[in-house]
Amino acid sequence: MNWTLGREDDVITEWERSDGYATVRVRERADGGFVVRLDIMEQAADESTYERERYDAREAALDRAAEWRTAHDLE
């Protein structure tokens, strides 16, 4: 696995990829929902990947975060 857990508290859980160019974050919203965010800095000039999705349940958000980490793992 090329991801490490960088932060985990009552509001935010965040993983960082070993190269430092990607993070996946699950954040609890004030309304009780959850946001999952994928942020990848690509090597090409002016390129990046940023995705954000909202979920009602924490487990669904954590499942999506795991999918993104698997999809964007380093070889």
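Can you tell me which of (1) touching a Lys or Arg at 6+ places or on another chain (Cβ under 7 Å); (2) open to solvent by less than 90 Å² (accessible area, probe 1.4 Å) is the one residue 52 doesn't meet? Every condition holds for residue 52 apart from (2). Scanning segment 1-39 for residues that are over 15 Å from residue 66 (Cβ atoms), open to solvent by 20 Å² or more (accessible area, probe 1.4 Å) and part of a loop (DSSP other than H, G, I, E, B) yields a total of 11. Within segment 57-71, identify whether any single residue is assigned to a loop (DSSP other than H, G, I, E, B), open to solvent by 40 Å² or more (accessible area, probe 1.4 Å) and among the β-branched types (Val, Ile, Thr), and answer yes or no. There is no residue in segment 57-71 that is assigned to a loop (DSSP other than H, G, I, E, B), open to solvent by 40 Å² or more (accessible area, probe 1.4 Å) and among the β-branched types (Val, Ile, Thr).
The values are calculated or read from the model by the stated rules, or taken from the named source; none is laboratory data. From a predicted model like this one, the values you see are computed outputs, not experimental measurements. Note: ideal-geometry Cβ built from the backbone for every residue, glycine included; neighbour counts use all protein chains shown. Surface areas here come from the heavy atoms of the whole protein model, side chains and all, with no ligands, DNA or RNA. Shrake-Rupley method; radii C 1.70, N 1.55, O 1.52, S 1.80 Å.
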